[in-house]
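The values are calculated or read from the model by the stated rules, or taken from the named source; none is laboratory data. The model shown is predicted, which means the values in this text are computed figures rather than measured ones. Methodologically, a virtual Cβ is constructed for each residue, glycine included, from the backbone with ideal geometry; neighbour enumeration extends over all protein chains shown. Accessible surface areas use protein heavy atoms only, side chains included; no ligands, DNA or RNA. Shrake-Rupley method; radii C 1.70, N 1.55, O 1.52, S 1.80 Å.
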Amino acid sequence: MGQRNIRNFCIIAHIDHGKSTLADRILEHTGAVSKRDMSEQLLDSMDLERERGITIKLKAVRLAYEAKDGQEYILNLIDTPGHVDFSYEVSRSLAACEGALLVIDASQGIEAQTLANLYLALDHDLEIIPVINKIDLPNADPERVIRELEDNIGIPGEDAVLVSARTGQGIEDILETIVERIPPPQGDPEAPTRAMIFDSHYDQYRGAVAYARVVDGTIKVGEIIQMMSSGRQFEVTDLGVLAPNLVRVGSLGPGDVGCIIASMKDVRDTRVGDTITVASRPATQPLSGYRPAKPMVYCGLYPVVNEEYTALRDALDKLQLNDAALTYEAESSAALGFGYRCGFLGLLHLEIVQERLEREFDLNLITTAPSVVYQVVLTDGSVKEVDNPSALPPVTNIDHIKEPFVKASIMVPDEFVGAVMDVCQDRRGIFVTMEYITPERARLEYELPLAEILMDFFDRLKSRTKGYASLDYEFLGYRESEVVKLDILLNGNPVDALSCIVHQDKALSRGRGLAEKLKEVIPRQQFEVPIQAAIGNKIIARETVRALRKDVLAKCYGGDISRKRKLLEKQKEGKKRMKSLGSVEVPQEAFMAILEVD
Amino acid sequence: MGVYVHIPFCAQKCYYCDFYSVVVSEDFPTLAGNYLVSLRQEALYYRKIWGEQPLDSLFIGGGTPSVIPPEELAGLVSWLLKELPFVAEPEVTMEANPHSLTAAGVEVLSAAGVNRISLGVQAFQNNLLKSIGRIHRAEQIGESVEALRKAGVDNINLDLMFGLPGQRVQDWLNTLESALALEPAHLSCYGLILEENTPMEKWVSEGLMEVPNDDGQAEMYEAACRILKGSGYEHYEISNFALPGKRSSHNLLYWQNKPFIGLGSGATGYIGGNRYRNIPDLWRYMQSWHEGGPLYEDCDQVSVEREMDETMMVGMRLLAGVDEASFCRRYGISFWELYQPAINDLLARGLVEWDGAKLRVTRLGLFLENQVSAAFLR
C-alpha cells in the first residue's frame, strides 16, 4: 500500500476527557480488536502482549480502514503521555504525526492541558480535528464548546465531530474525517533513511525496543542502523507493527510507524527524539527537535539502613534501563550517610521512581526535599550549577544566584480568578496576561519560579478553586533571585538533609513552618529535642519536642505476652523506618516536611 | 505454676474491655452449666499432658466469674483442686464485681477453697463508673469488701483505673484515698488502654469522648506510686502494689514467664513451650470439647531463644528486676552474654540499673518500660 494511503494521528485531550475510551472505540470499530477481546482501555495497559519474550507497549497501533471512497487506508494511532512532566515526550509523539484529534469533553469545555497540547500540535503543523466527546451526557453542552473553539482557537465550528466514545456514536465520522483531512506522509522513499524515535522501552530479553516513525528511506531487517546523536550502531534483528498484536515486517518505509529491535542495551541507546539512519548510507542532517532529557528536579534518595545502599544502586541501574530521563550519582550526607542524588523531569516523575523503588525493589527510602537547579554566579564570574542546598558555596564567594522560571497557564471558571491570583502572588508569581475563553472561563498566564511549583502548588491551586483549576507550564529560563540557604538544627546540630534554598522574603515563614511541622512529625523521645531554623548563624525559629513521659503497657498477663511481643515488634519496625541523627530518631516524613510547609 | 480459668460471661460489657465475653441472656443457666462441663473436660485433657509439676495457684478470671451462681463455681473450684496436682494450700483467686457479691455466696466459695478475691472497682465516682460502662455503684464497693471480710476472705485486691474519660487528677486522688480506706491487701492500678474494636476506642477516635493524654496519665501514675508507697504498699510490678507478703503468686508466674494451664473459651495457656489461645467462641469451644479435643485460635511452639527474650520482656516489669543467677540456672547462659549491647544502651540511657546480681528498671525506665522490654526482642 502506498504512502498516500497512510494517516498518522494522535489523540490529545485534557485528563478525563475520554481519550482512552475514544481510542478503544476506534480500535474496536476498525476491527483491530473484537469487542470480546477488549480489555478496558487498551492503550493504557502495559505488558499487554507477550510473544517470544518480547513485551510490547501499545505506543502506536496500526489500524486498517476501508473508507467510503472504497480504498483501504492504514491509520497509525500514536499514543501521547498525559502529564506536563513529559511534555517533551508529548512533543516527539506529535512530531511523528500529521494530524491530531483534539478531544474536548462536551460538559467541561476547553481546559489548560487541552490548550497546551493544542498549541504543541499547532507548533508541529498538525491538522487538528476537534472532537467533542461525551455528547450523550445529560449536562453536555456541545454548542458552548463549539463557541469556545471558534472564539478562542479560531477553529470553525462545523469542523468539529460530535461523538460519544461511550456509546460509539460518531466514531465512523471520525475515521472518515481522518482520511479526508489529515494529509498523507510526505517523505522521500529514495532519500537516506531518517526515522524519529518517539518512544522506547526496555525488554529484559531483547534490550531496548524503539518506537519510531520513518520519515525518509526505509529500514530493513538485517541492516546496520545508526543513532545520529551518539553515532552508535546496531543490527536490526526484528521490525514490527502493532495491529495491535505484534506483526513482524521485513521493512518500514516512509510514513510507517513501528517498533525496532536491534540488540540495544538500554533505553539510553534509544533516546526519544533521536534520529535513526542506516549506517551504509547515512543521512547528513538529523530530523529537527532532538534534545536530550534534562532533569529539572533533584532530590537525594537514601536507604534508611546503610546496608541497602548497594541494593539501591542496583535498583536505580535497573530503572534507568527503561527511563532515559532518570539520572543519579552517588552523594553522601552527614545526616543520612550514603545515597544518590537523582534527577527527574518533574515531581510526578520523582514520585513514580520513588514508589517503584519502594514497591518493586522493596527498599526503605528517605527522600530529601526536591530542589531545582540554581545557577550560582561566583564573585570570580564563574557559574556553578547547584541542585543540592549543601553544595551551595560560602556566601562570601557568591555574587548572585539565578533560579529557573516557568511560564504557567492556568484555566479556571471566572469566580476563581481572584483565588488563582492570590495563590500565584503568594508563590512569587509575575502576572503576564489574562484572557477570557468564554464569558465564564478565564486563562491566566503567570511567570513563576519552578521551585514554587514544586511546593504543592497544584494542590493548593486545586483546593482554592474547588478543583476547577487546570495547570500547564513550560520552562522559561533563569533569573536572578534573592535566595538564601535555610538550615535546620536538631538538638543543636545542623541536619544537612533538611536544609533548603528559599527566597529571602519567605525564609522566616518557611523556617517557622518547618520547625512547627517537624515538631509534629518527630515523635516524642526520651529526651527533649530542640528544633531550630537558622539562616547562617541567625536562629529564626525554634520549637521543642517535649520529652516522652510515658511509654508503658499497663497490663501484661498470660494472654498478653504474645500481644505485647507483637506490639513491641511493631514499634521496633516503625523505629527501623526512622533515621537516627545523633540521639534523635527522625521519621522519613520529616525529610519531606518541607514540601508541606508554606 | 498455675491454672487460669476464663469465665466469658458478663452482665454488661464495659466500654473499654476487649476480653472475650458474652452478655448473659435468658438461656444463661443452661449455657453456664454446659460451659462448666466443658471446662472439666478440658482440665482432664491437660491433666494428662501436664504431668506432676505442682500447681501453686488457681485464678478464676473473666468476663465476670461472679455472674455464675456461687454454688456452681464452688463446685468447679473444689473439683479442680482435687483433680489437678495442686499443692496443699494454693492461692485461689476469683475476680468479682462489687455488685454481684453476697456474704452467703462468698462463704460457699471460701469453703470450696477460694482465698483471694480481686474486685473490679475501677473508680469511686458514679459518673466515671457510668462513663466506662460499669454497672456497679460506688456505694457497693465498701459493702462488698465488708461482705468478703465477714465471710473470712481478707486477701482482697482492688482493681483501679486511671486515665478514664473525664477523670481529673483530683478524682484519681479521691479514688486512691477511698481504696486505701478499705485497707486492701493488694491494689492494681491500670492506666486505661484504648484497645482496638472497643466502643471506647471508637468514640475517642471519632472525637465523641475525650480521655486524659499520656502526660495526664503519667501524672496520675506518678501520684499512685507515691501515695501507695507512703501507705506501706510495695510497688512490685508496673501496675501492682501489695502489702508485705501479699503479692499475687498467680500473676508473678506470668511475669516470670512460667508455664500455666489455661482453661476456657478465649483463655491462653503455656504448656511444654506451647503458647496457645483457645477459640474465643463459647459455642465452638463447647462443641470441640463435646467432640473430645481442644480448638485453638492460635498455637505456637516457642523456641528457647524466644522464650529467653520473653522472659526478659516480662521480667523487667518487676521492680525487683531479673536475677542473673536464676536466668542462668534456667537457660544455662547469662543474659549479659545474650543482650550485652542492648543492656549497655539501656544503662547509658538511664532506663535500667545493674547491681551485680539483678537488672532492673530505674524510675525513668518504669515510665518508659516499652523501650526497656523492646530492647530484649531479637
Query - From phi via Karplus (6.51, -1.76, 1.60), per-residue ³J(HN,Hα) for segment A:247-259 in Hz, x at Gly/Pro - result: 10, 6, 10, x, 7, 10, x, x, x, 6, 10, x, 10
Query raised in the report: Can you give the convex hull volume of the alpha carbon atoms of chain B per residue, in Å³?
Result: 145 Å³
Query raised in the report: Taking K and R as +1 and D and E as -1, what net charge do the other residues with C-beta under 11 Å from the C-beta of residue B:362 add up to?
Result: +1
Query raised in the report: Pulled fully out, how much extra length does the chain show between residue A:69 and residue A:364, if you take 0.36 nm times their separation in residues and subtract their Cα-Cα distance?
Result: 100.2 nm
**Report entry** Stokes-Einstein D for segment B:52-168, Kirkwood Rh over Cα pairs, 37 °C, 0.692 mPa s (µm²/s)
**Finding:** 220 µm²/s
Query raised in the report: Any idea what % of Cα-Cα pairs in segment B:318-374 are farther than 17 Å?
Result: 32 percent
Query raised in the report: segment B:331-378: which residues show an accessible-area loss of 40 Å² or more, assembly versus chain alone, 1.4 Å probe?
Result: B:349, B:367, B:368, B:370, B:371, B:374, B:377
**Report entry** Most positive-pole-ward Cα, A:3, B:104, B:155, against dipole of the protein assembly as shown from beta carbon charges
**Finding:** B:155
Query raised in the report: Each residue of segment B:69-84 in turn: what ³J(HN,Hα) in whole Hz from Karplus with 6.51, -1.76, 1.60 and θ = phi - 60°, glycine and Pro shown as x?
Result: x, x, 4, 5, 5, 4, x, 4, 4, 5, 5, 4, 4, 7, 7, 9
Query raised in the report: What's the center-to-center distance, using Cα atoms, between segment B:114-171 and segment A:384-450 in Å?
Result: 66 Å
Report summary line: Taking 0.36 nm per residue of separation between residue A:141 and residue A:415 and subtracting their Cα-Cα distance, the length gained on full extension comes to 96.6 nm
Query - Average accessible area per residue (Å²) across the protein assembly as shown - probe 1.4 Å, nucleic acids and ligands excluded - result: 41 Å²
Requested in this report: List, in order, the whole-Hz ³J(HN,Hα) value for each residue of segment B:104-111 obtained from phi through the Karplus relation with A = 6.51, B = -1.76, C = 1.60 and θ = phi - 60°; use x for Gly and Pro.
Outcome: 4, x, 5, 4, 4, 5, 4, 4
Query - Per-selection metrics, segment A:505-598 (Cα): Rg and Dmax in Å - result: 16.9, 60
Requested in this report: With a 1.4 Å probe and every protein chain left in place, tell me how much accessible area residue A:275 has, in Å² to the nearest 10.
Outcome: 0 Å²
Query raised in the report: Sequence-distant or interchain residues sharing an amide H contact under 5 Å with residue A:441, placed H: which?
Result: A:414
Query raised in the report: Using alpha-carbon positions, what is the distance between the centroids of segment B:1-58 and segment A:568-582, in Å?
Result: 39 Å
Requested in this report: Using the 2.2 N^0.38 Å rule of thumb for compact globular proteins, work out how the protein assembly as shown stacks up: its C-alpha Rg over that value, please.
Outcome: 1.25
Requested in this report: For the B and A pair, go ahead and give the buried accessible area with a 1.4 Å probe, both sides summed, in Å² to 100.
Outcome: 3300 Å²
Report task. Using Cα positions and a limit of under 24 Å, work out the lysines in reach of residue B:48, with same-chain residues fewer than 8 apart set aside. Result -> B:82, B:258
Report summary line: Carbon plus sulfur, as percent of the 1.4 Å-probe accessible area of segment B:42-145, comes to 53 percent
Report summary line: Counting only residues 5 or more apart in sequence or on a different chain, those whose built amide H sits under 5 Å from that of residue A:526 are A:548
**Report entry** Positive minus negative residues near residue A:550 (Lys, Arg vs Asp, Glu; Cβ under 11 Å)
**Finding:** -4
Query - For q = 0.12, 0.16, 0.20, 0.21 Å⁻¹, Debye-computed log10 I/I(0) when each Cα of segment A:440-550 counts as one equal scatterer - result: -0.58, -0.85, -1.06, -1.11
Query - For residue B:266, residues with placed amide H under 5 Å, excluding near neighbours - result: B:278, B:279, B:281
Report summary line: With label points set 7 Å from each Cα along the Cα-to-Cβ direction at residue B:231 and residue B:303, the distance between them in nm comes to 4.7 nm
Requested in this report: Return the subset of A:402/A:485; A:555/B:130; A:506/A:538; A:519/B:202; A:519/A:579; A:462/A:485 for which the Cα-Cα distance in this structure is over 19 Å, preserving the input order.
Outcome: A:555/B:130; A:519/B:202; A:462/A:485
Query raised in the report: How many percent of the accessible area of segment B:318-374 is carbon or sulfur, using a 1.4 Å probe?
Result: 53 percent
Report task. Sort out for me the Cα centre separation of segment B:224-265 from segment B:317-378, rounded to whole Å. Result -> 19 Å
Requested in this report: Anything losing 50 Å² or more of accessible area from the isolated chain to the full protein assembly: pick those residues out of segment B:260-287, probe 1.4 Å, ligands and DNA/RNA ignored.
Outcome: B:275
Requested in this report: Counting only DSSP beta bridges with both residues in segment B:2-255, tell me the antiparallel percent, nearest 5.
Outcome: 20 percent
Query raised in the report: At what distance in nm do the modelled label points of residue A:569 and residue A:314 sit from each other, each positioned 7 Å from its Cα along Cα→Cβ?
Result: 2.6 nm
Query raised in the report: What does the accessible area of residue A:410 come to, in Å² to the nearest 10, when a probe of 1.4 Å is used?
Result: 0 Å²
**Report entry** Taking the C-alpha atoms of segment A:407-452, convex hull volume expressed per residue in Å³
**Finding:** 54 Å³
Query raised in the report: Using the alpha carbon gyration tensor of segment A:237-312, what are the three equivalent-ellipsoid semi-axes (square root of 5 times each eigenvalue), largest first, in whole Å?
Result: 35, 19, 13
Query - Rounded to 10°, Cα long-axis angle of helix A:112-123 versus longest principal axis of chain A - result: 50 degrees
Query raised in the report: Hey, which of these cross-link pairs are over 19 Å Cα-Cα: A:19/A:134; B:229/B:358; A:550/B:358?
Result: B:229/B:358; A:550/B:358
Query raised in the report: Carbon and sulfur: what percent of chain A's accessible surface (1.4 Å probe)?
Result: 48 percent
**Report entry** CD proxy at 222 nm, helix term only [per DSSP H run n ≥ 4: -39500 (n - 2.57); per residue of the protein assembly as shown; nearest 500]
**Finding:** -9500 deg cm²/dmol
